[in-house]
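Read the structure below first, then the notes.
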Amino acid sequence: MYDESVVPVKVESFSGMAAKSPVSQCIKTVLRRACVEKRLTVGLLPAIQHLSNNCNGALFCVTTEAPPGDSATHMQEVLLQAFCVENDIYSIKVDSESKLKRMLGCSTGGADFSCILVHYPYTDPFSDSQEIDLSILSDSERDLIEYCENNWSTSQVPVIKLPEK
């Protein structure tokens, strides 16, 4: 039953999302939408292979922290991150591979979720324009771009803590 003594409280928001963890919620929304639209490349090696053939179609590169002591993976991630910066692909680092799996509704099997490329939404291949129409991006994608732009000049990409559920 509704209690009339409850007064709604305005919560600071980031594009309409609660300030609790707005960037992580944007990531969740962007990844789920891109998954439904089949705009993801999942796995570090598949991402590297895709980028070596076509670096223009990627919007975001989401990576997780390399496990401690895994210098080979760390080196690949550093090179991938440098490649992304050079090719204007927004790089996002998150705290947990298992949370990414859960977020996308995957079992905790052996699939590699240490890197996920999010591709631009469909654009007309017959268009003469090489420019990507940013108006077709979702609000969450635009908010995530704004977040990345604000952190573009930092020497180290901040690690974003994903929601538990």
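The values are calculated or read from the model by the stated rules, or taken from the named source; none is laboratory data. For clarity, every value in this text was computed on a predicted model and none was experimentally measured. When we count neighbours, we look across all protein chains shown, and the Cβ atoms used for this are built from the backbone with ideal geometry, even at glycine. To get the accessible areas, we keep the full protein, side chains included, count just its heavy atoms, and leave off ligands, DNA and RNA. Shrake-Rupley method; radii C 1.70, N 1.55, O 1.52, S 1.80 Å.
Conditions tested, residue by residue: (1) in contact with a Cys (Cβ under 8 Å, 6 or more places away or on another chain); (2) without any contact (Cβ under 8 Å) to a residue 24 or more places away in the chain; (3) under 23 Å from Ile145 (Cα atoms).
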residue	(1), (2), (3)
Pro67	no, yes, no
Ser71	no, yes, no
Val78	no, yes, yes
Met103	no, no, yes
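Close contacts from region 80-92, counting a first residue that is surrounded by fewer than 19 Cβ atoms within 10 Å (Cβ to Cβ) and a second that is not in a loop (DSSP other than H, G, I, E, B), with Cβ to Cβ under 8 Å and a gap of 6+ residues or different chains, come to Gln81/Cys61; Gln81/Thr63; Gln81/Ser91; Phe83/Leu51; Val85/Ser91; Asn87/Leu51; Asn87/Ala58.
Have a look at Arg33, Arg39 and point out the one that is in contact (Cβ under 8 Å) with a residue 24 or more places away in the chain and open to solvent by 70 Å² or more (accessible area, probe 1.4 Å). Don't jump to the end; show me each part of the working.
On the way: Arg39 fails: open to solvent by 70 Å² or more (accessible area, probe 1.4 Å).
One residue alone meets the criteria, Arg33.
Among all residues of region 134-150, there is at least one that is modelled with pLDDT of 90 or more, open to solvent by less than 80 Å² (accessible area, probe 1.4 Å) and acidic (Asp, Glu).
Considering region 49-63, and only residues there that are within 20 Å of Cys148 (Cβ to Cβ) and in a helix (DSSP H, G or I), the residue that is least open to solvent (accessible area, probe 1.4 Å) turns out to be Leu51.
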